[in-house]
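Let me begin by presenting the structure, written as structure tokens, before commenting on it.
The values are calculated or read from the model by the stated rules, or taken from the named source; none is laboratory data. Computed from a prediction, not measured in an experiment: that's the story for all the values here. Methodologically, a virtual Cβ is constructed for each residue, glycine included, from the backbone with ideal geometry; neighbour enumeration extends over all protein chains shown.
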Amino acid sequence: MKMPAAAILLALGAMPAHAMTDAQLRDLVAQRLHGDRTGACMAVAVVEKAQVARAYVCADDKDEGRIGPDSAFEIGSISKTMTAALLAELILQGKGSLDDPLSAWLPEGTKVPDYQGQPILLRHMVTHTSGLPALPSRLGATDMSDPYANLDAPALLASLGDATLARAPGAQFEYSNFASMVLSYAVARRAGSDFESLIRQRLFAPLGMRHAYVNQPPAGVRAAVGHTPNTRPTPPWRFATDLAGAGGVRATLEDMVRYVQGGLGWTDAAIAPALALSQQQVSDKPAMAMNWMLMPVAGRTVLLHEGGTGGFSAWASIDRERQRGVVILSDTTWNSIGSLGSLGLHLVDASFPLGKPRRKIDAPAELLRQLEGEYQLPGLRMTLRQRDGKLFVHPKGKGEYEMAYDDAGDFHPLALDAVLKPQRKADGSHAFTWAQMGAMVHATRVDKAAAAVPALSAQALAEYEGRYPLMPGFELAVRSDGSRLHARATGQGEFALEASGADRFEAAAFGIEIVFRRDASGKVAALELHQAGRMLKGERQ
């Protein structure tokens, strides 16, 4: 359900627009997907003016028929944008405001955390700036393949009472499914309905989304089976009805085409003004509407959101200026491998690279040698060893897992859904991040002595501050808060940098290393941004 932010997206120039045919779309999706080691099947649509191109494509042609027009996919966090539309309609009806405190929309007596008297407002709930943690404390999960199945409204509200805020609401973007479930509950309560009845009556029916549902499937629809990226079927995710606005909607491709058409303004349904209101910018760090991310693309602003559950990934984008929408529904979760960004962004604007399938290959012997060793992850010690040209991962106290390697440069276990992403540093050494269940953590090597990194004074950190253009229309802004550096890429959220050596800093969880270069006088004059084997250089402005 998480909106991934692990990589810096480069917004390039626009290409000429033209209406796409079914055949052209199928060829593009096949180019990206055929032979992919995930085995995914995708339903894809591009909506342009009066024309809609549709395609159903599988990584392996033998799986054709696994999905079709009657297949309902879990759309994950795209559900949040639908909850935002329902909230916007209540606001237009005079039943509330984005400046209402969250507590006013919850049962009397519900304990809601604040920060030094500053309350959480609804605007914080739709921009992921509430300060609430990612998950409720009383999640009650007994099986992480279906993590929300045991969570009900009383446990959700009790979790609010357990929470404390580390900073003022609105101060920082922190993606929170917890907050979104609370908002789903609050919207249904204010509307005087259960969430499924509300969304069916106010959104699905007016837009003609005949087969969309939460927990009550209509006739004529079949639930697609979800898969992990190692081709294994996985159980569906279940949500208590009133909490499902965070990620519990299922929809067919045609349902999502109707939703995007509504978002483009092509409807006179009663929900149309609310859809438009939900697309208006609410915050700028990062730029967000009501649960929509706002991305600059070639001088335009495109609304987008991704969704991911244990067995599905989804993408939806709305480009009102170009009058173009994109929908991708995958019966395989791509959360751990970067989600659907390469295909989705290419369909938004052809200047973005399409990407290519991930194919299994043999791992380079030198990479295996570099990775062997002992590592510490948060709460877990892990050993990496090689045998017979293969990498094996052994988490302490657990069994050993054989890893396969793909031509994108990542390892993945054969027996579970996770990804080990090697990171080659500027000095030629290697580290890695581990991605699993939507989280990405950095592994610290513990079998080799690390060089001590001296603490930097506020004055020393200030030497790195500045703007560093990396390419036309795209720059990295670096600032110091007196104790550490922070960086922000054009159109992206801010991330912290940790010192790793002389003039070297890392955002390890994102696989980013920044090396500052000095001129002959010793002043910082440029930086190099290293990520995913690429390097961009920018002179200091």
Every residue in region 396-416 that is surrounded by 15 or more Cβ atoms within 10 Å (Cβ to Cβ) and of a type outside the set (S, T, Y), please. M403, A404, D406, A408, G409, D410, F411, H412, P413
Would you call R322 in contact (Cβ under 8 Å) with a residue 60 or more places away in the chain and of a type in the set (K, R)? yes
Could you please give the count of residues in region 306-330 that are part of a strand (DSSP E or B) and touching a strand residue (DSSP E or B) at 6+ places or on another chain (Cβ under 6 Å)? 16
Scope region 254-291; condition part of a loop (DSSP other than H, G, I, E, B) and among the hydroxyl-bearing types (S, T, Y); matching residues: T267
Mind checking whether some residue in region 58-68 is among the β-branched types (V, I, T), touching a His at 6+ places or on another chain (Cβ under 8 Å) and outside the structural domain of N230 (by TED's automatic domain parsing)? no
Among the residues of region 171-181, count how many are touching a Phe, Trp or Tyr at 6+ places or on another chain (Cβ under 9 Å) and in a helix (DSSP H, G or I). 2
Over region 100-114, the set of residues without any contact (Cβ under 8 Å) to a residue 24 or more places away in the chain and under 17 Å from L90 (Cβ atoms) is D100, P101, S103, A104
Determine, yes or no, whether G263 is of a type in the set (G, A, S) and in contact with a helix residue (DSSP H, G or I) (Cβ under 9 Å, 6 or more places away or on another chain). yes
Subset of region 351-366, residues farther than 24 Å from G311 by Cβ and crowded, with 17+ Cβ neighbours inside 10 Å, comes to F352, A363
Test result for A188, crowded, with 18+ Cβ neighbours inside 10 Å and more than 24 Å from the chain's Cα centre (by Cα): yes
Kindly establish whether G13 is at pLDDT 95 or above and either surrounded by fewer than 16 Cβ atoms within 10 Å (Cβ to Cβ) or assigned to a helix (DSSP H, G or I) (or both). no
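Every residue, every condition in (1) assigned by TED's automatic domain parsing to the domain that holds S145; (2) in contact with a Phe, Trp or Tyr (Cβ under 9 Å, 6 or more places away or on another chain); (3) closer than 21 Å to T309 by Cβ; (4) not in a loop (DSSP other than H, G, I, E, B), yes or no:
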site	(1), (2), (3), (4)
R189	yes, yes, no, yes
S193	yes, no, no, no
S197	yes, no, no, yes
R200	yes, yes, yes, yes
L203	yes, yes, yes, yes
Q216	yes, no, yes, no
N230	yes, no, yes, no
R238	yes, yes, yes, no
Would you confirm whether or not region 446-468 contains a residue that is among the aromatic types (F, W, Y), under 30 Å from W292 (Cβ atoms) and modelled with pLDDT of 85 or more? yes
Given region 331-429, what strands (runs of 3 or more DSSP E) lie entirely inside it while holding 1 or more residues that are over 26 Å from S145 (Cβ atoms), small (G, A, S) and in contact with a strand residue (DSSP E or B) (Cβ under 9 Å, 6 or more places away or on another chain)? 373-377
Return yes or no: is V327 touching a residue at least 12 places away in the same chain (Cβ under 8 Å) and closer than 20 Å to I67 by Cβ? yes
